[in-house]
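See structure below.
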Amino acid sequence: MKANERWIIVDGRGGGRLILFWFTFLIILSSISLAQFKLPEYETVTLDNGLTVYLMEKKDVPLISFSAVFDGGVIKDGSTSGVASFTAEALRFGTTNYSKSQIDSLFNFYGSNISTYANADFSGLYTQFIKDNTEKLFPVIKEIILNPSFPESEIEKRKQRWIAELDQAKESPRSVIGSYFNKHIFGDSPYGNPVNGTKTGIGSISVEKVQEFYQTNYRPESTAIALVGDFNSTDMKKLIAEYFGGWKNQRQKLISDLKADNTPFESASAYLINKENATETTFLIGSYGTTMNNEDQTQLDVINTILGGRFTSWLNDELRVNAGLTYGARSRFAQYKLTGTFYISTFTQTKNTEAAIDLALKTYNRLFEKGIDEETLLSAKNYVKGQFPPDYETAASLSGFLAQKFIYGLDDSIINDFENEVNGLTVERANELIKNYFPKENLQFVLIGKADEIKDIVAKYGKVIEKSIEEDSY
């Protein structure tokens, strides 16, 4: 007999009421566990100038999240490495009617902030503010997006700091190894462009280059704005039309011919980045992965959770807990619009380089040699389902999803059918997906460490290509 059953029987005087309460509780608990998280209702509006707007009312807190995304990602850097990221940040350097200090002061005064960024496929802007301050901050947001002035003095100051930051980043291999990995995997493809650029690229940036990038890539018809929060959609549509309906871009739109070169690797290779003062080896092992809109991605994430997607994963258990070779080992699918990568990542003391790589490979090969059993799969499915709803509970995360939905052509089913996809993953299906998506042959190794001490070790994994971390390239 279970403890709670014993408790119900012992309390004889209120037994009927307690039993009724207990069964009611079980029904509620059952309904919570069976209820699937659904994307809240939202409205999509397209203005006459082509601007796409997503409106989702969420009135639990008096806040509004504002996300904007632009078709100006790092894959469009061209010959000026870093210009996409620099342009995104330069939006906040000043506008026709507001200086940089005025922008910063206004958002601080109203208890808010505004950020801009760029990644491989797009650039973006995000802010969150109290709903009562909407009409106070909207004019500033509109100016930042539509009328940036790109003052030369601010650009020159930021260039010098940016170049210093690039040098500083290379002191932390984990900060930059992703850029080396993408360059090794994608080569001269635009997806090999480092997000933060190179010193040469940043050093060559001028007001004219920033303006050129902005005018070419920041256009209403290739932009989306997502608002989630405490507002009335009818009123918000009027406000959006008032501030953004007049946005025009007279420049002829360029036809994009960007492609991803996913030519299979003919052999394994090791890209060794020498860092003379390194006492550790940081490494990534992997190859091509999947695109952002891959229909199997939810189930792939469950499998990856087992391999290296959580603290109790195979990789972390073997390399950290059992062998003590590292403080953490992970695996991940990094997805883009046209391509993607899969990689295992960790770091270890220089003397343990070979042991850590061999153990990582041995653990990875368990996927192919033994596959996944029912108990392990059930644990991962429960973990993933438990982690999922909190990822989309806030206005910020929901506005981010709607904005990325625009960029990647994502379907609402990614969220609405998430639990069904997870529940529908069987052992047989999981092992089939492993064979189809997890790279096995001709793996690519990217390592940052002291080359003199690990070069001979690394050579056993593939042809070694050596570069110094001091070089101004990836």
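The values are calculated or read from the model by the stated rules, or taken from the named source; none is laboratory data. A quick note: this is a predicted structure, and the numbers were derived from the prediction, not measured. Don't worry about glycine lacking a Cβ; one is built from the backbone with ideal geometry, like all the others, and counts go over all protein chains shown. These area figures cover heavy atoms from the full protein model, side chains too; ligands, DNA and RNA do not enter into them. Shrake-Rupley method; radii C 1.70, N 1.55, O 1.52, S 1.80 Å.
Things to note:
- When residues of the range 285-310 are limited to those that are among the small types (G, A, S) and in a helix (DSSP H, G or I), the one farthest from A403 (Cα to Cα): G308
- Out of E135, E154, E89, sole residue that is surrounded by fewer than 17 Cβ atoms within 10 Å (Cβ to Cβ), among the acidic types (D, E) and in contact (Cβ under 8 Å) with a residue 60 or more places away in the chain: E135
- In the range 82-108, the residues that are among the small types (G, A, S), in contact with an Asp or Glu (Cβ under 7 Å, 6 or more places away or on another chain) and more than 14 Å from S206 (Cα to Cα): G94
- Near pairs, Cβ below 6 angstrom, 6+ apart or cross-chain, from the range 377-400 (touching a residue at least 24 places away in the same chain (Cβ under 8 Å)) to any residue that is surrounded by fewer than 17 Cβ atoms within 10 Å (Cβ to Cβ) and part of a loop (DSSP other than H, G, I, E, B): P389/F37
- Scope the range 96-149; condition hydroxyl-bearing (S, T, Y), assigned to a strand (DSSP E or B) and closer than 29 Å to Y408 by Cβ; matching residues: S115, T116, Y117, S123, Y126, T127
- Test: residue in the range 275-284 that is under 17 Å from G340 (Cα atoms) and in a strand (DSSP E or B): yes
- L47 among the hydrophobic types (A, V, I, L, M, F, W, C), modelled with pLDDT of 95 or more, in contact with an Asp or Glu (Cβ under 7 Å, 6 or more places away or on another chain) and surrounded by 14 or more Cβ atoms within 10 Å (Cβ to Cβ): no
- Breaking point among (1) of a type outside the set (S, T, Y); (2) within 18 Å of the chain's Cα centre (by Cα); (3) open to solvent by less than 30 Å² (accessible area, probe 1.4 Å), for D301: (3)
- Checklist (1) touching a helix residue (DSSP H, G or I) at 6+ places or on another chain (Cβ under 8 Å); (2) of a type outside the set (K, R); (3) open to solvent by 50 Å² or more (accessible area, probe 1.4 Å); (4) not in a helix (DSSP H, G or I) applied to E441, failing item: (1)
- Condition check for L378: surrounded by 17 or more Cβ atoms within 10 Å (Cβ to Cβ) and outside any strand (DSSP E or B): no
- Within the range 451-474, the set of residues being touching a helix residue (DSSP H, G or I) at 6+ places or on another chain (Cβ under 6 Å), charged (D, E, K, R) and buried (at least 17 other Cβ atoms within 10 Å of the Cβ) is empty.
- Where a residue in the range 284-311 is among the aromatic types (F, W, Y) and its partner, wherever it lies, is outside any helix (DSSP H, G or I), with Cβ under 7 Å and at least six apart: Y288/N262; Y288/T339; Y288/G340; Y288/T341; Y288/P439
- Among the residues of the range 448-459, those that are under 18 Å from A355 (Cβ atoms) and touching a residue at least 40 places away in the same chain (Cβ under 8 Å) comprise I448, G449, K450, E453, I454, K455, I457, V458, A459.
- Considering residues of the range 164-187 that are without any contact (Cβ under 8 Å) to a residue 60 or more places away in the chain and open to solvent by 40 Å² or more (accessible area, probe 1.4 Å) only, the residue nearest to M292 (Cα to Cα): S175
- Scanning the range 199-240 for residues that are open to solvent by 30 Å² or more (accessible area, probe 1.4 Å) and closer than 19 Å to A403 by Cα gives E221, K237.
- Hey, I434 under 25 Å from the mean Cα position of the chain (by Cα), in a helix (DSSP H, G or I), modelled with pLDDT under 95 and crowded, with 17+ Cβ neighbours inside 10 Å or not: no
- Residues of the range 244-275 satisfying the condition of being at pLDDT 85 or above and open to solvent by 40 Å² or more (accessible area, probe 1.4 Å): G246, K248, T263, P264, F265, E266, S267
- Filter pass, L359 being surrounded by 14 or more Cβ atoms within 10 Å (Cβ to Cβ) and closer than 23 Å to A323 by Cβ: yes
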